[in-house]
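Step one of this worksheet: look at the structure below.
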Amino acid sequence: MSARKHSFRTRAIHVGNAIDPATGAVVPPIHLASTFKQPGAGEWGEFDYSRSGNPTRSNLQSTLASLDDAAGALAFSSGMAAIHCVTMMLSSGDHVVAGCDLYGGAYRLLHKICSRSGIEVTLVDMTDLAAVDAAIGPKTRLVWGETIGNPRMTIIDLPALAKIVHAKNALLGVDNTFGTPALVRPIEHGVDIVMHSATKYLGGHSDCLGGTLASATKAIHDELYYIQNATGAVLDPLSCHLVARGIKTLDLRVREQSGTALQLATWLESHPKVKSVLYPGLESHPQHQLAKQTLQGGFGGMVTFELDGSIEETARVCESTRLFHLAVSLGAVESLIEQPATMSHASYDAADRARFGITDGLIRLSVGLESFDDLRDDLTAAIG
Ligand SMILES: *Cc1c(COP(=O)(O)O)cnc(C)c1O
């Protein structure tokens, strides 16, 4: 199939979902086999052992590579396993520059685990390109950011950043979990490695864990595959199927969620008890213009706002919604609410939370597919 000619939505449904030649099934079978019979001793077929390769995982990986315009893609047991695989490209003495409003788990991996192998980390504000440039030293091998930062919704200037990073011979990796390939495909902007927590928008239904990496070149893909196969954090076939099923409606879901999120952000901005709203789709967002250039057709389903209240008052609001469930995670059909200071970003050191603006009054929403009116009424009742 000449996949490249088809639009994103069409590829999300057709690439990696070929008709099963044995039965004509329009959904490919789920291959649970852990091992595969070989043509002869020392002769290998396409698949041999499921850690190294599995037909269901291969199908998903071909969909992922197509959607991200990548040379290749890999599916991992979680988003953290995917980021960990990237960090395993590094050796003792190497240096990483990462964004300062980073997913809490990525912060912990870099500071508490990679540090054990002698890898050094510097956090910088990725919106300040001069600061990123200055932070890259002779030992910097990797620059890691988030297309939409977490929880402050900062936007990265991907082409400008890629230029700076490549001039210093480092690799640029981005976590595009909040952006999703429906809104932005970072490889088109010069990024080397794109990561998604498939647990979030790709799966989209809060019913499986997964992570993905897409690479700009075959050389990077091959190195990541080598590490994944050697260390083993592959996605199981049932979860591959769930992620593949979720991806078929990704574009529709993300666009709808973006529309509702923009309505909610606009409404929150005029609420008397709300101090500020961080949403890339609002004119008031410091990088609204960049967001318009970077994100296509929507600004994502994540909204952060700051209440004029204490840590306890903020917690109480998060605890009193009825439709928004109080939970970490994001990107699914049901809306979620959480307090970054005590939940998603609790793994930050307190000093870093203060330094990077993760204040006690922040509330983060993951906007689902419920109606705007119902979600607004729910927040009205909770905020008071
Ligand atoms: C959830 C998340 C991760 C980690 O993914 P898991 O699937 O939970 O391991 C990484 N980055 C972002 C932005 C996330 O939201």
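Select from region 366-384 the residues that are part of a helix (DSSP H, G or I) and either in contact (Cβ under 8 Å) with a residue 12 or more places away in the chain or closer than 12 Å to Gly301 by Cβ (or both) and list them in ascending order.
Taking region 366-384 as the starting set, the residues that turn out to be part of a helix (DSSP H, G or I) are 372-383.
Phe372, Asp374, Leu375, Arg376, Asp378, Leu379, Ala381, Ala382, Ile383, listed by residue number.
Name the residue that is farthest from the ligand (Cβ to nearest atom), counting only residues in region 74-91 that are outside any helix (DSSP H, G or I) and surrounded by fewer than 24 Cβ atoms within 10 Å (Cβ to Cβ).
Across region 74-91, the extreme among qualifying residues is Ser91.
Residues that are in a helix (DSSP H, G or I) and at negative phi: does region 27-41 have at least one?
no
Leu307: within 16 Å of the ligand (Cβ to nearest atom), buried (at least 18 other Cβ atoms within 10 Å of the Cβ) and not β-branched (Val, Ile, Thr), yes or no?
no
Which of the residues that make up region 332-351 are among the aliphatic types (A, V, I, L, M), more than 12 Å from the ligand (Cβ to nearest atom) and in contact (Cβ under 8 Å) with a residue 60 or more places away in the chain?
If the condition is that a residue be among the aliphatic types (A, V, I, L, M), more than 12 Å from the ligand (Cβ to nearest atom) and in contact (Cβ under 8 Å) with a residue 60 or more places away in the chain, then Val333, Ala346 are the ones that fit.
Answer yes or no: is there a residue in region 317-331 that is assigned to a loop (DSSP other than H, G, I, E, B), within 16 Å of the ligand (Cβ to nearest atom), free of Cβ contacts under 8 Å to residues at least 24 places away in the same chain and small (Gly, Ala, Ser).
Of the residues in region 317-331, the ones assigned to a loop (DSSP other than H, G, I, E, B) are 321-324, 327-331.
Subset that is within 16 Å of the ligand (Cβ to nearest atom): 327-331.
Filter once more, keeping what is free of Cβ contacts under 8 Å to residues at least 24 places away in the same chain: 327-328.
Adding the requirement that they be small (Gly, Ala, Ser) leaves 327.
Yes: region 317-331 contains one or more residues that are assigned to a loop (DSSP other than H, G, I, E, B), within 16 Å of the ligand (Cβ to nearest atom), free of Cβ contacts under 8 Å to residues at least 24 places away in the same chain and small (Gly, Ala, Ser).
Just give me the residues in region 2-26 being in a loop (DSSP other than H, G, I, E, B), closer than 19 Å to Val243 by Cα and under 25 Å from the mean Cα position of the chain (by Cα), in sequence order.
Of everything in region 2-26, those that are in a loop (DSSP other than H, G, I, E, B), closer than 19 Å to Val243 by Cα and under 25 Å from the mean Cα position of the chain (by Cα) turn out to be Val15, Gly16, Asn17.
Among the listed residues Asp207, Asp251, identify the single one that is surrounded by fewer than 23 Cβ atoms within 10 Å (Cβ to Cβ) and more than 20 Å from Arg51 (Cα to Cα).
Numbers: Asp251 fails: surrounded by fewer than 23 Cβ atoms within 10 Å (Cβ to Cβ).
Sole residue among the options that is surrounded by fewer than 23 Cβ atoms within 10 Å (Cβ to Cβ) and more than 20 Å from Arg51 (Cα to Cα): Asp207.
Enumerate the pairs (first residue in region 134-159 and assigned by TED's automatic domain parsing to the domain that holds Pro280; second residue anywhere and modelled with pLDDT of 95 or more and more than 11 Å from the ligand (Cβ to nearest atom)) with beta-carbon separation below 8 Å, excluding pairs fewer than 6 apart on the same chain, so at least 6 apart or on different chains.
Close Cβ pairs satisfying both conditions: none exist.
Within region 20-58, which residues are in contact (Cβ under 8 Å) with a residue 24 or more places away in the chain and in contact with a helix residue (DSSP H, G or I) (Cβ under 7 Å, 6 or more places away or on another chain)?
Hits for region 20-58 are Pro28, Ile30, His31, Leu32, Arg51, Ser52, Asn54, Thr56, Arg57.
Only one of Asp125, Asp101 is touching a helix residue (DSSP H, G or I) at 6+ places or on another chain (Cβ under 8 Å) and not hydrophobic (A, V, I, L, M, F, W, C). Can you tell me which?
Exactly one residue qualifies, and that residue is Asp125.
Which is within 26 Å of Leu183 (Cβ to Cβ) and part of a helix (DSSP H, G or I), of Ala354, Ala291?
Of the residues listed, the single one that is within 26 Å of Leu183 (Cβ to Cβ) and part of a helix (DSSP H, G or I) is Ala291.
The values are calculated or read from the model by the stated rules, or taken from the named source; none is laboratory data. Computed from a predicted structure; not experimentally measured. Cβ atoms come from the backbone with ideal geometry, glycine included; neighbour counts cover every protein chain shown.
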